[in-house]
Each structure stands twice: as C-alpha cells, then as structure tokens.
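Visitor: The structure under discussion is supplied below as structure tokens; questions concerning it will follow.
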Amino acid sequence: SNTTRIAPSLLSADFARLGEEVRNVVEAGADWIHFDVMDNHYVPNLTIGPMVCQAIRPHTSAPIDVHLMVEPVDDIIPQFAKAGADIITFHPEASRHPDRSLALIKDHGCKAGLVFNPATPLDWMDYVMEKLDIILLMSVNPGFGGQSFIPTTLAKLKQARHKIDQWTQLGGQPILLEVDGGVKVDNIAQIRAAGADTFVAGSAIFGQTDYKNVIDTMRQEIAK
Ligand code: DX5
Ligand code: ZN
C-alpha cells in the first residue's frame with residue numbers, strides 16, 4: 001500500500017491521564033492508537049486490558065490497534081471487540097489454533113493479524129493469508145517500551161513485503177505491514193524503504209513534549 005500510518009503506542013503514555021493522552025496524540029496527527037496488552041505470562045510485564053480499552057474508546061474516533069501479548073488469546077478476543085477495538089493482532093505461538101483465533105477476531109467484526117517475534121519465522125502466515133488484514137513484525141522482543149531496534153528486522157520486512165505483494169498480485173486482499181519496537185525519527189525512513197507501511201512508536205513520541213513535531217518529522221522521513 002502507498003499510504004502510511006503512524007500508530008503511537010500508549011505503553012509510553014502517562015497512564016494516569018490516558019484519555020487526555022489519546023486526545024492529544026490524535027490531535028497531533030496520530031492515525032491509529034496502538035494498545036499493548038501484556039499478561040505477565042506470555043511476556044514479562046503486565047499492562048492494560050479490555051476495561052481500559054473501553055474507557056479510552058469515547059476519547060477518539062481513531063482506530064484502536066490492540067496488540068495482544070497474552071496466552072491464551074481466544075477468551076479475551078470477544079471482550080476487546082465489545083470494548084471497541086478495531087484491529088486485533090496476536091502472536092501465533094500463543095494460540096493453540098491460530099487459524100481459529102483469526103476467524104474469531106473477524107467474526108467479531110474486527111480486522112485481524114498475526115504478530116511475529118524477532119525469531120518467529122514468517123511461515124506462520126502462509127496458510128492463513130486470506131484471513132489476514134495485517135502482519136505485525138516485532139523489531140524488539142515484546143514486553144517493554146524503549147528498547148533498541150533489532151537490525152535484522154529490515155531483511156525480514158523485505159521478505160514479508162514480498163509475500164504480501166505476491167499475494168495481492170494474485171488477486172488476494174490487501175494486507176498491511178506494521179512494525180513495532182525501537183522505531184525513531186532517525187530509522188523510520190530505512191524501515192519504510194524495507195517495506196513497512198504502518199509504524200508503531202511509543203517512547204519516540206510520548207518521550208517528547210511536542211508530539212506533533214515528532215509525528216510531522218516521522219511523516220517527512222517516510223515521504224522521502
Ligand atoms: C513492546 C510493545 C511496543 C512498545 C514499543 O512489547 O509491543 O508496542 O510499546 O515501544 P517503543 O517504540 O518505545 O519501542
Ligand atoms: Zn505493540
């Protein structure tokens with residue numbers, strides 16, 4: 001896809017003022033709100049769940065992009081759909097039946113996608129292509145904000161881009177290619193060049209006081 005999206009991760013926002021943070025970052029130009037769900041089981045951290053998604057929902061009309069880092073995944077999918085999630089992605093190793101989990105997300109009216117950890121092979125997508133609206137490549141190990149971008153992700157992004165382009169050229173539906181972890185003003189152009197069209201950024205945006213300045217600069221970098 002030629003269009004690009006910037007999805008600030010609330011993980012680095014001020015959790016005491018989440019509604020205001022959501023409004024401010026969308027006002028600053030965010031396309032999506034990235035919502036990181038961690039269960040202290042699949043990943044070594046504990047964050048926010050469907051109740052918080054429901055609480056922020058009235059604060060924006062921007063799509064809420066729910067990234068599930070939980071195991072198992074199926075029980076929580078209907079709860080996030082009811083809480084107003086637009087997109088739900090999960091890690092295929094965390095689901096006993098990834099094809100069924102993708103179908104469950106779509107049955108609940110949300111866009112669905114798989115998330116790939118740095119060491120997870122892209123093969124997981126091959127037989128579920130028609131159920132995918134999005135692929136999310138992790139460029140850090142999941143669990144924390146503020147980590148450094150793992151450079152081998154660039155080659156993996158090119159491979160994912162190739163798989164998606166082949167699929168759409170054969171008449172398949174569009175599939176977005178999202179990247180998450182260590183995305184900054186100074187590497188986003190390279191990440192775009194490797195084929196990503198949707199960019200999650202947590203600390204790079206919420207770590208600055210002027211969100212609009214960061215988002216504007218990121219857009220200039222990916223338009224180059
Ligand atoms: C990590 C989360 C990311 C994280 C990104 O497990 O999935 O969304 O918030 O944060 P930064 O942009 O700071 O690496
Ligand atoms: Zn995330």
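Visitor: Sorting ARG96, ARG23 on the 10 Å Cβ count, fewest up front, what's the list?
Guide: Listing ARG96, ARG23 from fewest to most nearby Cβ atoms yields ARG96, ARG23.
Visitor: Tell me the relative contact order for the chain as a rounded percent, counting alpha carbon contacts under 8 Å between residues six or more apart.
Guide: The value is 21 percent.
Visitor: Most exposed first by the Cβ proxy, i.e. fewest other Cβ within 10 Å, how do SER139, SER203, SER61 rank?
Guide: Final ranking by Cβ density, sparse to dense: SER61, SER203, SER139.
Visitor: Would you work out which of ALA55, PRO121, GLY146 lies farthest towards the positive end of the dipole of region 5-223? Charges go on Cβ: Lys and Arg +1, Asp and Glu -1.
Guide: It is PRO121, whose Cα lies furthest towards the positive end.
Visitor: Also, quick follow-up: Between ALA119 and GLU20, what is the label-point separation in nm under the 7 Å Cα-to-beta-carbon projection?
Guide: With each label placed 7 Å out from Cα toward Cβ, I get 4.2 nm.
Visitor: Under the Kirkwood approximation applied to all pairs of distinct alpha-carbon atoms, what is the hydrodynamic radius of region 5-223 in Å?
Guide: 17.2 Å
Visitor: Can you count the Lys pairs in the chain with C-alpha separation below 20 Å, eight or more apart or on different chains?
Guide: 12
Visitor: A further question on this structure: Hey, fewest Cβ within 10 Å first, where do VAL179, VAL25 land in order?
Guide: VAL25, VAL179
Visitor: Step by step: find N for region 168-224, compute 2.2 N^0.38 Å, then divide the Cα radius of gyration by it. What's the final number?
Guide: Rg over 2.2 N^0.38 Å, computed on Cα atoms: 1.27.
Visitor: Convex hull volume of the Cα atoms in region 137-191, per residue, in Å³?
Guide: It comes to 83 Å³ per residue, whole-number rounded.
Visitor: Quick check: convex hull of the Cα atoms in region 1-114, volume per residue, rounded to a whole Å³?
Guide: So the per-residue Cα hull volume is 106 Å³.
Visitor: PRE reach from GLN208 (point 7 Å along Cα→Cβ): which of region 10-28 fall under 19 Å by backbone N?
Guide: 10-14, 21-28
Visitor: Rounded to two decimal places and with Rh computed the Kirkwood way over Cα pairs, what is Rg over Rh for region 125-224?
Guide: On the way: Rg = 14.2 Å, Rh = 14.2 Å.
Across region 125-224, the Cα-based Rg/Rh ratio is 1.00.
Only the coordinates and a few stated rules stand behind these numbers; no lab work does. Computed from a predicted model, the values in this text were never measured in an experiment. Cβ sites come from the backbone with ideal geometry, for glycine too, and all protein chains shown count toward neighbours.
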